[in-house]
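A short write-up of the structure that comes next.
The values are calculated or read from the model by the stated rules, or taken from the named source; none is laboratory data. Just so it is clear, the structure is predicted and the values come from calculations on it, not from any experiment. FYI the Cβ positions are ideal-geometry reconstructions off the backbone, even for glycines, and counts take in every protein chain you see.
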């Protein structure tokens, strides 16, 4: 039952969310009663009630054997009738009546100043109250919802962000309550034999989270490209979130060091999602990422770079957001690679401490100036659950990708690639 | 010629929407009948619609409140809700006296 929008407007509006209202009406799945209340057309003379509303609802419910009823929005009733006493009584009766009918009813109302609803009645007579909110923080807006009340259930009490997109509304996954995910034992190659060797000879654990941090121009994206390339070569799908470059720019750059990703993208193994971080809030990014991951079901996710996400939120909220993302990826056994741009060589460890504790493997890339030349070196700062190398391995970025040079004699053999 | 008499010369078509024989509805009908006799002479028809029997008619005239009186003729359509006990307001609502 719509009080504010006409049937035509409503059909057009929800079409953009992926609902075909006209078809649903034709299939008799839904019936829309378009109620118009026009106060200046109505003269009130003495006692009345809203039995007409009940009769219309009853008729509509019967005609499609409805199980769900939506009243959008009852504010219109308050605008249309001047006697609030009668309205309050009738609304209370309406809520009871809907319940007796055995239908689930969603009733929308506007939020009042300091109270949940403007007329302070609906929240007492209803079984569940969900508050929707739209806030702007640092010029970024986020929609959030919160369950204030749900009789007979132990509901979550936090605010959860949600997104309205082309397939309707999506709410963020709830932070997992415990650390219960299973840890897979199998390993995936990093794409570089020498790096695999540094990680106990086998590469990353599947489903682990990896932080790749380093200063500007240390080759974070290049290393990520090796990993992506190796993933696609195994025939697995990979989802790459790019926050600084466009996919074509990224692929061009990788082509210059001999990594060809176009073919993977064409056959659907590699999927890019490029967006400016400031486009929307952190939470919304998470929702969008979550949805992409749900759709593609990749085995590897790359976030390049994760810093840009930090620019849209505070350190705490970024950590909480990443935690939720990582939790989700872990439970789905998706390996995640995060690249992180560190400010300078001196601070490279401190800047990432906020998020590094969430990571299973932390690889540090650094550039050292020596004799008028810039040398690059890589070391594994930590890697949970495996023996790993502790040395700083020099590497260079060549026409054939990243080339690691290992000093120890054991790997001297591996240098020939 | 008074305004009431002038209006009275036109043909009036009134609809009273009720839901069963509730006291409010009976009162409304009695009040309407009396008022029409006094102000409209014989030039009126009253159609009583019981929505309990014909619920499908409620949406056509946008009925929410019961009882509702709808002036179908002469145009424009007017809606008056309540038991019509306030004769003054009903006459205003029906344009029989100026506001």
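Looking across the range B:48-62, just one residue is within 7 Å of chain A (Cβ to nearest Cβ), surrounded by 16 or more Cβ atoms within 10 Å (Cβ to Cβ) and not in a loop (DSSP other than H, G, I, E, B), and that is B:55. Reported count of residues in the range A:50-68, each being touching a residue at least 24 places away in the same chain (Cβ under 8 Å), in a helix (DSSP H, G or I) and surrounded by fewer than 14 Cβ atoms within 10 Å (Cβ to Cβ), is 1.
Rundown of residues vs (1) surrounded by 17 or more Cβ atoms within 10 Å (Cβ to Cβ); (2) closer than 30 Å to residue A:142 by Cβ; (3) at pLDDT below 85, yes/no style:
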position	(1), (2), (3)
A:301	yes, yes, no
A:319	no, yes, yes
A:331	no, yes, yes
A:334	yes, yes, no
A:337	yes, yes, no
A:353	no, yes, yes
A:371	no, no, yes
A:387	no, no, no
A:394	no, no, no
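Across the range B:75-93, which residue is farthest from the other protein chains (Cβ to nearest Cβ) among those that are part of a loop (DSSP other than H, G, I, E, B) and touching a helix residue (DSSP H, G or I) at 6+ places or on another chain (Cβ under 8 Å)? Filtering the range B:75-93 for residues that are part of a loop (DSSP other than H, G, I, E, B) and touching a helix residue (DSSP H, G or I) at 6+ places or on another chain (Cβ under 8 Å), the one farthest from the other protein chains (Cβ to nearest Cβ) comes out as B:77.
Picking from residues in the range A:32-49 that are part of a loop (DSSP other than H, G, I, E, B) and surrounded by fewer than 16 Cβ atoms within 10 Å (Cβ to Cβ), the one that is nearest to the other protein chains (Cβ to nearest Cβ) is A:36.
Identify all residues within the range A:70-87 that are crowded, with 16+ Cβ neighbours inside 10 Å and either assigned to a helix (DSSP H, G or I) or at the interface with another protein chain (Cβ under 8 Å from one of its Cβ atoms) (or both); write none if there are none.
Answer for the range A:70-87, where residues must be crowded, with 16+ Cβ neighbours inside 10 Å and either assigned to a helix (DSSP H, G or I) or at the interface with another protein chain (Cβ under 8 Å from one of its Cβ atoms) (or both): A:75, A:76, A:77, A:78, A:80, A:81, A:86, A:87.
Applying the criterion of being at the interface with chain A (Cβ under 10 Å from one of its Cβ atoms) and within 16 Å of residue B:85 (Cα to Cα) to the residues of the range B:18-47, the residue that is surrounded by the most Cβ atoms within 10 Å (Cβ to Cβ) is B:28.
Consider the range A:20-31 and keep the residues that are in contact with a helix residue (DSSP H, G or I) (Cβ under 9 Å, 6 or more places away or on another chain) and farther than 20 Å from residue B:56 by Cα. The one that is farthest from the other protein chains (Cβ to nearest Cβ) is A:20. In the range A:6-19, what residues are touching a helix residue (DSSP H, G or I) at 6+ places or on another chain (Cβ under 7 Å) and either touching a residue at least 24 places away in the same chain (Cβ under 8 Å) or within 30 Å of residue A:89 (Cβ to Cβ) (or both)? Scanning the range A:6-19 gives a single hit, A:10. Residues of the range A:50-69 that are in contact with a helix residue (DSSP H, G or I) (Cβ under 9 Å, 6 or more places away or on another chain) and at the interface with chain B (Cβ under 7 Å from one of its Cβ atoms): A:50, A:51, A:53, A:55, A:56, A:58, A:59. Given the condition surrounded by 15 or more Cβ atoms within 10 Å (Cβ to Cβ) and part of a strand (DSSP E or B), answer yes or no: does some residue in the range A:244-267 qualify? So far as the range A:244-267 goes, no, none of its residues is surrounded by 15 or more Cβ atoms within 10 Å (Cβ to Cβ) and part of a strand (DSSP E or B).
Of the strands (runs of 3 or more DSSP E) lying entirely inside the range A:141-243, those carrying at least 2 residues that are more than 22 Å from residue A:309 (Cβ to Cβ) and at pLDDT below 90 are A:168-171.
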